[in-house]
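Peer 1: Handing you a structure now.
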Amino acid sequence: MNDKDGFTWWKHGVIYQIYPRSFYDANGDGVGDLPGIIEKLDYLAWLGVDAVWLSPINTSPMYDFGYDISDYRGIDPVFGTLADCDRLIGEAHRRNIRIVMDMVINHTSHLHPWFVESRSSRDNPKRDWYIWHDGKNGHPPNNWMAAFGGRAWEWDGATGQFYFHSFLKEQPDLNLRNRACREAVFDELRFWLDRGVDGFRLDAVTWYVKDDLFRSNPFGWGPNAPRPYDLQKHIYDQNRPETHDVLRELRKVLDGYEDRMMVGETYVVSQGGAKTAASYLGSGTDELHLAFDFSLLFSKYGARHFAGCLSRWYDAMPAAGWPSLVLNNHDQPRSMTRWCMGKDGGQRARVLAAMLLTARGTPFLYYGEEIGMKNGAITRKQVRDPVGIKYWPLNKGRDPERTPMQWSAGANAGFSAAEPWLPVAGTFRDVNVAAQTDDPGSLLAWYRDLLALRKKQAALARGSYRPAYSEPDVLAFYREDGGEKVFVVLNFSGKQRSIGSEGTSRWQVLLGTHRAAGWPIDGGRIDLVPYEAVVLGRI
Ligand code: GLC
C-alpha cells in the first residue's frame, strides 16, 4: 500500500500493541525489555505489522506499571536505556515499522519532580500544575471518585489541602488548564517527536480536564455497576468540553512534524459510547487522528452484535474521520477468554480475526492475540496489578491478560531465562509462536495471511463499508475502492448458513478458512459451513 492522497501508515496499517514487561526478556531478569523487543522485530516484520505501540517505557516507580511516569524523558532501567530506545526506533524504521509511544499526561507519578515541587508549599510556582483544593468541613471538596477505587481526593497534611487523582493516589492528575503546565507537557512530547517517534497512544484522554466549579457528579448506574465508581455519572470529572481545546493544541504540536499520529484512549462505554469517542476526532483533522471505540471489545459475541457496533461506530465518524478497530488490550480479559472458551474457540478466533482485519478502520492487535493466547491464571499471591491487590477477589486485576508472550514450548515459554515477573499461562505448550510458525493451518498463519491480503487489496485497507446482509449469525459486507470490490462473509455461528450475494456477480476466493484461494463462486447463494470466513474478490 502506498501513501497516496495522504492515505498514510496509520490509516492503512496494522498497529501491534506490546506490553513491554511481558514481550521478551533479553537480559534474563524476568522482565521484558527494549533489547528484547529489538530481537523480535524480525518476527513482527514477518507477521506484517506496520507499527508497534509500546505501553509505557518511561521512568516510573511502577505503582501502575509505567502508567505513573516520574520522568518523561527517561527510559526506566528495567526496560533499558535511552540508547536502547534510539536503537529500537532505528531498527524498527529500517524494517518499515513505526513506533508509537504511550503518553500518560493526564497524571504523573507522585514522585515526578513537578509534583514534589507542587506539594512542597502552597505558593510554589508549580502548585497549580496539579489539582489542589480546600476541604469542606474537613471532608473532600466533592464526591469525585478514583477509577481504581475510593475517593479521588487525597489529604496532604503538610500544606493542608486535598489533591485530586483519577486513578491511584500515587498518580496525581496534572492541571491541564494551567498554561505553563500544558506547555511543559507539550515539550515532553516534542522531545520524543524529535527523537523520531511516529506517534503516541494518549492515555486516559477523557479525564484530561475537570469541571472548574468542582461540582459533584449525580448518581446513575453505569455498565459495570455495582463497582462504586459506576454508581456516578461522570459528567463533571470526565469529558469536559475543554478537553477538545487540549487535543486541538496537541494536534498542532504533532502537525509540526511529518506524518505523526496520536490515538486516544477514549474509554466512554457508559458515557455515550461510539458518539463520544468519535467526538474526540473533532472535524477529523483537528483533534485526535484515531480514537478507540471499545463497543466491539465489550460486545456480546455474535454477528448481529458486532454488526451493530461497527455501524454505530462508522455512523459516528466525522466526515474526515477515520475509525480504528480493537478487540484486545492490556486492561481487559483477552478475547479468547471472553468469547472463545468452548470447543469451537479456535474457529471463533479465526472469524473474529477476519472481522478485525477486513472491516473498515485501522486494526490494533495485542501481543499474543495472533497465536490465540488466553488469560493466564493468577493466584492471590501472584497478583501484581494494584487493582487486583485492592479488590481481590471481587476484581482479580489485569495481570491475567498481561502474562508473558508465549514464544515456544520451552522453559518459561521462551520468554525469559529467569522466572518471569508474572507466571506464564498454562496453555503455552500448545499455544506458542514456534509451534505455529511453520504450520499453514495455524491461527498465526491465518493472521499473517489476513495482514498480507490487506496490503494487496486497496479495498480492504481504504475502501467504503456497506453491510450486505442482515442475518443473526452472519456478518457480510462489501468493501469498495475505485473499481475494486471485495465481499467479506463471516459465519459467526456453529451452524451451516446460506446467504445471497448481490446481483449475478461472479466471485473468487481471495482468502478463506475453508476454501482455497482462487476457488470460483457463482453469484446467487453462498453456502457456508460452521464458522466459515471468506473474503471474495470479483472475477
Ligand atoms: C489507562 C491505561 C491503564 C492505566 C490507567 C491509568 O486506562 O490503559 O492501564 O492503569 O489508564 O493510567
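Peer 1: When you go through Gly397, Gly441, Gly410 one by one, which is the residue that is of a type in the set (Gly, Ala, Ser), farther than 22 Å from Cys340 by Cα and open to solvent by less than 50 Å² (accessible area, probe 1.4 Å)?
Peer 2: Only one candidate passes the filter, namely Gly410.
Peer 1: Still on this structure, I have one more. Can you give me the ranges of the helices (runs of 4 or more DSSP H) entirely in segment 303-393 with at least 1 residues that are open to solvent by less than 10 Å² (accessible area, probe 1.4 Å), farther than 20 Å from Thr513 by Cβ and away from the ligand (no atom under 16 Å from the Cβ)?
Peer 2: Correct list: 303-316.
Peer 1: Before we move on, is Leu254 more than 16 Å from the ligand (Cβ to nearest atom), open to solvent by less than 20 Å² (accessible area, probe 1.4 Å) and at pLDDT 95 or above?
Peer 2: Here the answer is yes, as Leu254 does meet what is asked.
Peer 1: Here is a check on your reading of the model: is Phe23 in contact with a helix residue (DSSP H, G or I) (Cβ under 7 Å, 6 or more places away or on another chain) and over 19 Å from Asp198 (Cβ atoms)?
Peer 2: It is false that Phe23 is in contact with a helix residue (DSSP H, G or I) (Cβ under 7 Å, 6 or more places away or on another chain) and over 19 Å from Asp198 (Cβ atoms).
Peer 1: Here is a follow-up. Starting from residues that are more than 18 Å from Ala26 (Cβ to Cβ) and away from the ligand (no atom under 15 Å from the Cβ), keep the ones in segment 65-96 and report whichever is most open to solvent (accessible area, probe 1.4 Å).
Peer 2: Looking at residues that are more than 18 Å from Ala26 (Cβ to Cβ) and away from the ligand (no atom under 15 Å from the Cβ), I get Arg94.
Peer 1: Given the criteria open to solvent by 30 Å² or more (accessible area, probe 1.4 Å) and more than 16 Å from the ligand (Cβ to nearest atom), does Arg127 qualify?
Peer 2: Against the criterion (open to solvent by 30 Å² or more (accessible area, probe 1.4 Å) and more than 16 Å from the ligand (Cβ to nearest atom)), Arg127 does not qualify.
Peer 1: Restricting the search to segment 32-64, which residues are in contact with a Gly (Cβ under 6 Å, 6 or more places away or on another chain), within 14 Å of the ligand (Cβ to nearest atom) and over 27 Å from Ser324 (Cα atoms)?
Peer 2: Hit for segment 32-64 is Ser60, nothing else.
Peer 1: Restricting to segment 68-118, name every residue that is part of a strand (DSSP E or B) and closer than 27 Å to Glu258 by Cα.
Peer 2: Asp71, Tyr72, Arg73, Gly74, Ile75, Arg98, Ile99, Val100, Met101, Asp102, Met103
Peer 1: Separate question: Need at least 2 residues that are more than 22 Å from Met101 (Cα to Cα) and open to solvent by 20 Å² or more (accessible area, probe 1.4 Å) per element, so show me which strands (runs of 3 or more DSSP E) inside segment 145-208 make the cut, counting only ones lying wholly within it.
Peer 2: Answer list for segment 145-208: 153-156.
Peer 1: Go through Thr427, Thr437 for me and flag whichever is of a type in the set (S, T, N, Q) and in contact (Cβ under 8 Å) with a residue 24 or more places away in the chain.
Peer 2: Result of the check over Thr427, Thr437: Thr427.
Peer 1: Starting from segment 58-84, take each residue that is within 16 Å of Phe200 (Cβ to Cβ) and modelled with pLDDT of 95 or more and list its partners that are more than 16 Å from the ligand (Cβ to nearest atom) and among the basic types (Lys, Arg), counting only C-beta distances under 8 angstrom and pairs at least six apart or across chains.
Peer 2: Cβ pairs passing all conditions: Asn58/Arg73.
Peer 1: What number of residues in segment 257-275 are at pLDDT 95 or above, assigned to a loop (DSSP other than H, G, I, E, B) and touching a His at 6+ places or on another chain (Cβ under 7 Å)?
Peer 2: 0
Peer 1: Can you pull out every residue in segment 413-432 that is open to solvent by less than 10 Å² (accessible area, probe 1.4 Å), of a type outside the set (Gly, Ala, Ser) and more than 16 Å from the ligand (Cβ to nearest atom)?
Peer 2: Hits for segment 413-432 are Phe415, Asn432.
Peer 1: Condition first: more than 16 Å from the ligand (Cβ to nearest atom), of a type in the set (A, V, I, L, M, F, W, C) and closer than 25 Å to His330 by Cβ. Can you find one or more residues in segment 132-145 that meet it?
Peer 2: no
Peer 1: Given the residues Arg179, Arg201, which is the only one that is at pLDDT 95 or above and more than 16 Å from the ligand (Cβ to nearest atom)?
Peer 2: Arg179
Peer 1: With segment 448-539 as the region, which strands (runs of 3 or more DSSP E) entirely inside it contain at least 3 residues that are among the β-branched types (Val, Ile, Thr) and closer than 23 Å to Gly13 by Cα?
Peer 2: 484-491
Peer 1: Considering every residue within segment 15-22, establish whether at least one is farther than 26 Å from Trp114 by Cα, in a strand (DSSP E or B) and away from the ligand (no atom under 14 Å from the Cβ).
Peer 2: Yes; the residues of segment 15-22 include at least one that is farther than 26 Å from Trp114 by Cα, in a strand (DSSP E or B) and away from the ligand (no atom under 14 Å from the Cβ).
Peer 1: Something else about it: I want to confirm something. Restricting to segment 97-109 and keeping residues that are closer than 15 Å to Trp192 by Cβ and away from the ligand (no atom under 16 Å from the Cβ), which single residue is farthest from the chain's Cα centre (by Cα)?
Peer 2: Looking at residues that are closer than 15 Å to Trp192 by Cβ and away from the ligand (no atom under 16 Å from the Cβ), I get Arg98.
Peer 1: Give all pairs with beta carbons closer than 6 Å in which a residue from segment 142-154 that is in contact (Cβ under 8 Å) with a residue 12 or more places away in the chain and within 14 Å of Ile235 (Cβ to Cβ) meets a residue that is open to solvent by less than 40 Å² (accessible area, probe 1.4 Å) and aromatic (Phe, Trp, Tyr); count only pairs at least 6 apart in sequence or on separate chains.
Peer 2: These pairs meet every condition: Met145/Tyr229.
The values are calculated or read from the model by the stated rules, or taken from the named source; none is laboratory data. It should be emphasised that the depicted structure is a prediction, and the values quoted were computed from it without experimental measurement. Here the Cβ is made from the backbone with ideal geometry for all residues, glycine too, and neighbour counts use every protein chain on show. Accessible surface areas use protein heavy atoms only, side chains included; no ligands, DNA or RNA. Shrake-Rupley method; radii C 1.70, N 1.55, O 1.52, S 1.80 Å.
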